[in-house]
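Asks: Dumping the structure here so I can ask a few things about it.
The values are calculated or read from the model by the stated rules, or taken from the named source; none is laboratory data. The model shown is predicted, which means the values in this text are computed figures rather than measured ones. Cβ: placed from backbone, ideal geometry, glycine included. Neighbour counts: every protein chain shown.
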2 protein chains.
Amino acid sequence: MFENFEYLNLINKKLSDYCKGENTLLQAMRYTLNLPGKRLRPILALEVCNALSGEFKNCLPFACAIEMVHTYSLIHDDLPGMDDDDMRRGKPTNHKVFGEGVAILAGDALLNLAFEIIAAKETVDLVGEKLAILAARALFKASGKDGMVLGQVIDLESEGKSISQDLLQCMHINKTAKLISAACELGGLAAGTDEENLQKIREYGLCIGLMFQIMDDILDATSDKETLGKNLSDNENGKATYVSVLGLRKAREKVKELTEKAIEAISYLGENGETLKKIAINLSDRVK
Amino acid sequence: MFENFEYLNLINKKLSDYCKGENTLLQAMRYTLNLPGKRLRPILALEVCNALSGEFKNCLPFACAIEMVHTYSLIHDDLPGMDDDDMRRGKPTNHKVFGEGVAILAGDALLNLAFEIIAAKETVDLVGEKLAILAARALFKASGKDGMVLGQVIDLESEGKSISQDLLQCMHINKTAKLISAACELGGLAAGTDEENLQKIREYGLCIGLMFQIMDDILDATSDKETLGKNLSDNENGKATYVSVLGLRKAREKVKELTEKAIEAISYLGENGETLKKIAINLSDRVK
């Protein structure tokens, strides 16, 4: 989707390097980390850094830390006590392969590893202490009790219930958009951007993050359900979606509106922002 | 056990402050965080800091971050996919009260919060960027794939198996002793101690950490089993313990040896080390 295979290969190599070793825990961590994926968050971080003329090597550890956080959340989301999913990206989920106990711990260790990467001597020698602290602050504010984990709790609590558009938006901003926005912010930080421009980068990330989630809902609702004649408002887990709450037409309008807002936020970058503009358009126009 | 009620009250207040708010997630986080406990790890951090003439206020955020890590590990340890415990410190476990999904997420959020605390502006304004990074590095090295989580995986894998004394020691050093040692190290860091003395503080922590775990095994094996005539080698979960592997007499010898080694490590502190010496003796002499 983003066509930057150079970045993708370098990310994948570095992710594996961080989890080298042969014990069960490391195998379980690598299993989900190495599932084929878009690497949306680390690529966004690196593309933002590049658009702002930052150095790739300064952003790579941040990009990997973000992917560790994202991957841990997938492992825990799939657990029987959460979404109880057997398959992820065409492969058995972590707990199906390693058992529930090891899967919980592999998730814990990946989140922990995100901290280790940011505080590592290797990282701090590259980016300096001040920047490492700012990156940690931005990332973990987005991923914890005021961000992703809060969104996951709202998600659990809304199961089988009818919820308002406001609560749905709050859930997705926390569960998905804040981490994507943090990925962009860390790219900006790695490039040494000032607060005024960081604010625009965060806005871009928040818009494409929310749009990404609405597109997920649209694709879920339309992919095989139209052909199977199922109700568009049905979600597999009985969860509220943008399609069930807003309807398909309005959900698509919202995608368009957020894409325009994302592009507007980075318009100040001019030609340097072309790749980020393309990513926004591709995300709004994707198929599963 | 440590008789420092002033520290205990200040720790408890600060821990609650970090998790203020009324949503389900914060309630679940506070529920286990507020269970009555010894607060061994944060008290150790503060007592080490005090013994090294450091300032209490610089160490308090670190002490709280350590307790967040310890508490998350308790919540996840109790889950059905791990030890499947219904009770913790005389109260129903987190997942019994809030459900498994919220319990997993409350644990995740507590681990995340540990890093938020260390990277917080409030903390960094107190201790400086360099020290915050060193503290994060020491804590999360001890709690992740090379420490606590690794120990938990070894623990899961050894269930129902006969294991060697070496593997048992490796398990407990990783699962318990490294985090206790990190607590001591963070106290030393908060006091601005140099590397040579930090090494002695780490050694003290590692010895009392391992001794603490062996005492747990001894107390588990002797508390009600002697009176009930059960086999001393039986552990409730079929897990290997120091008593089942070494026998009671040798386990007690090991406790004595580790206590002496801990006291020796901090003997250079002279009178300033009296409280740390007392803590080691009290831990080696405790009843449940």
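Asks: Would you check if there is a residue in the stretch A:52-59 being surrounded by fewer than 23 Cβ atoms within 10 Å (Cβ to Cβ) and under 17 Å from residue A:148 (Cα atoms)?
Replies: So far as the stretch A:52-59 goes, no, none of its residues is surrounded by fewer than 23 Cβ atoms within 10 Å (Cβ to Cβ) and under 17 Å from residue A:148 (Cα atoms).
Asks: Sticking with this structure for a sec: Looking only at residues in the stretch B:12-34 that are under 22 Å from residue B:182 (Cβ atoms) and surrounded by fewer than 19 Cβ atoms within 10 Å (Cβ to Cβ), which one is farthest from the chain's Cα centre (by Cα)?
Replies: Of all residues in the stretch B:12-34, those under 22 Å from residue B:182 (Cβ atoms) come to B:12, B:14-15, B:18-19, B:29, B:32-33.
Next, only the ones that are surrounded by fewer than 19 Cβ atoms within 10 Å (Cβ to Cβ) stay: B:12, B:14.
Values: B:12: 16, B:14: 18 Å.
For the stretch B:12-34, the residue satisfying everything is B:14.
Asks: Among the listed residues A:37, A:54, A:21, identify the single one that is more than 19 Å from residue A:121 (Cα to Cα) and in contact (Cβ under 8 Å) with a residue 60 or more places away in the chain.
Replies: Result: A:54 is the single residue among A:37, A:54, A:21 that is more than 19 Å from residue A:121 (Cα to Cα) and in contact (Cβ under 8 Å) with a residue 60 or more places away in the chain.
Asks: Do you know which residues across the stretch A:2-35 are assigned to a helix (DSSP H, G or I) and on the phi > 0 side of the Ramachandran plot?
Replies: If we filter the stretch A:2-35 for residues that are assigned to a helix (DSSP H, G or I), which is where we start, we get A:5-18, A:24-33.
Once the filter is applied, which keeps residues that are assigned to a helix (DSSP H, G or I) and on the phi > 0 side of the Ramachandran plot, the stretch A:2-35 yields nothing.
Asks: Can you name the residue in the stretch B:126-144 that is within 17 Å of residue B:73 (Cβ to Cβ) and not aliphatic (A, V, I, L, M) and is also nearest to the chain's Cα centre (by Cα) among such residues?
Replies: If we take residues in the stretch B:126-144 being within 17 Å of residue B:73 (Cβ to Cβ) and not aliphatic (A, V, I, L, M), then B:143 is nearest to the chain's Cα centre (by Cα).
Asks: Would it be correct to say that residue B:38 is within 13 Å of chain A (Cβ to nearest Cβ) and assigned to a loop (DSSP other than H, G, I, E, B)? I'd like the intermediate steps shown before the answer.
Replies: On the way: within 13 Å of chain A (Cβ to nearest Cβ): no; assigned to a loop (DSSP other than H, G, I, E, B): yes.
Taking the combined requirement at face value, the residue does not satisfy it.
Asks: Quick test of your reading of the structure: residue B:124 fulfils all but one of (1) in contact (Cβ under 8 Å) with a residue 60 or more places away in the chain; (2) not in a loop (DSSP other than H, G, I, E, B). Name the failing condition by number.
Replies: For residue B:124, the failing item is (1).
Yes/no matrix, rows are residues, columns are (1) within 9 Å of another protein chain (Cβ to nearest Cβ); (2) at pLDDT 95 or above:
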position	(1), (2)
B:126	no, yes
B:130	yes, yes
B:134	yes, yes
B:137	yes, yes
B:140	yes, yes
B:147	yes, yes
B:151	no, yes
B:160	no, no
B:165	no, no
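Asks: Name the residues in the stretch A:41-71 that are under 11 Å from the mean Cα position of the chain (by Cα) and within 12 Å of another protein chain (Cβ to nearest Cβ), would you?
Replies: The answer is A:68, A:69.
Asks: Would you be able to tell me the number of residues in the stretch B:60-99 that are within 30 Å of residue B:189 (Cβ to Cβ) and touching a Pro at 6+ places or on another chain (Cβ under 7 Å)?
Replies: 5
Asks: Can you give me the number of residues within the stretch A:41-86 that are part of a helix (DSSP H, G or I) and either among the charged types (D, E, K, R) or more than 30 Å from residue B:84 (Cβ to Cβ) (or both)?
Replies: If we filter the stretch A:41-86 for residues that are part of a helix (DSSP H, G or I), which is where we start, we get A:41-51, A:56-78.
With the extra rule that they be either among the charged types (D, E, K, R) or more than 30 Å from residue B:84 (Cβ to Cβ) (or both), the set shrinks to A:41-51, A:56-67, A:77-78.
Adding up the residues that qualify gives 25.
Asks: Confirm whether residue B:108 is within 7 Å of chain A (Cβ to nearest Cβ) and either under 30 Å from residue A:98 (Cα atoms) or surrounded by fewer than 24 Cβ atoms within 10 Å (Cβ to Cβ) (or both). Before the answer, list the steps.
Replies: On the way: within 7 Å of chain A (Cβ to nearest Cβ): yes; either under 30 Å from residue A:98 (Cα atoms) or surrounded by fewer than 24 Cβ atoms within 10 Å (Cβ to Cβ) (or both): yes.
Spelling it out, residue B:108 is indeed within 7 Å of chain A (Cβ to nearest Cβ) and either under 30 Å from residue A:98 (Cα atoms) or surrounded by fewer than 24 Cβ atoms within 10 Å (Cβ to Cβ) (or both).
Asks: A further question on this structure: Yes or no: residue B:87 of a type in the set (A, V, I, L, M) and closer than 24 Å to residue A:78 by Cα?
Replies: no
Asks: Check the stretch B:87-96 and report whether any residue there is in a helix (DSSP H, G or I), facing chain A (nearest Cβ under 10 Å) and surrounded by 20 or more Cβ atoms within 10 Å (Cβ to Cβ).
Replies: At the first step, the residues of the stretch B:87-96 found to be in a helix (DSSP H, G or I) are B:94-96.
Still in the running and facing chain A (nearest Cβ under 10 Å): B:95.
Subsequent filtering for residues that are surrounded by 20 or more Cβ atoms within 10 Å (Cβ to Cβ) retains B:95.
For the stretch B:87-96, residues in a helix (DSSP H, G or I), facing chain A (nearest Cβ under 10 Å) and surrounded by 20 or more Cβ atoms within 10 Å (Cβ to Cβ): present.
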